[in-house]
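Visitor: Below: one structure in structure tokens.
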Amino acid sequence: MGRTAAVSYGTIVGTRPVTVRGEGGSTIGTAAGAVAGGVAGSFIGGDPRSNILGGLGGALVGGLAGNAIGSAVSTGQAAEFTVREDTGGDFQVVQTNEEGLQAGDRVVISRGDRTRISRAAGGPPAPAYRAPAGYGAPAGYTGGAWK
């Protein structure tokens, strides 16, 4: 909040689904699983030695299970977008796709601490295609529309 970001415009030229893994969730899961497993395992056996060994074994198994659960919880789906900027050049950004963005959509690019794209509403139109000197427009292109 209150931070500035550079804004520009572009067009999505490609997308692909990706799986992202969050950070920190597996550490908490490992610790919680180890504590729970250690407490549960300490009730195994009747003498103090059996209780200690059961607690250590329970902590190990609980930590492994907690790590697996923490990793699964912090994993999610996102999209990798390839964007062609109006000023030239392409870049890629990975983010969730709540807006249902797809190839061909005009987007506003916000660059601050992180780069984010969102659907452009009322931004400048896409620049007109201009063929390099000595070349004609691509087949099927008629000055602003593909046929």
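Read-outs throughout are calculated quantities, based only on the coordinates presented, and are distinct from any laboratory measurement. Bear in mind that the values here come from a model prediction, so they are computed numbers and not experimental data. Every residue, glycine among them, receives a Cβ derived from its backbone with ideal geometry; neighbour counts consider all protein chains shown.
Visitor: Going by how many other Cβ atoms sit within 10 Å of their own, how do THR4, THR115 line up, fewest first?
Guide: Ranked by crowding around the Cβ, least crowded first: THR4, THR115.
Visitor: Run the simple label-point estimate for THR87 and VAL7 please: 7 Å along Cα→C-beta, distance reported in nm.
Guide: 1.5
Visitor: Test of understanding: what is the full-extension gain from ALA78 to ARG119, defined as 0.36 nm times their sequence separation minus their Cα-Cα distance?
Guide: Answer, rounded to one decimal: 13.1 nm.
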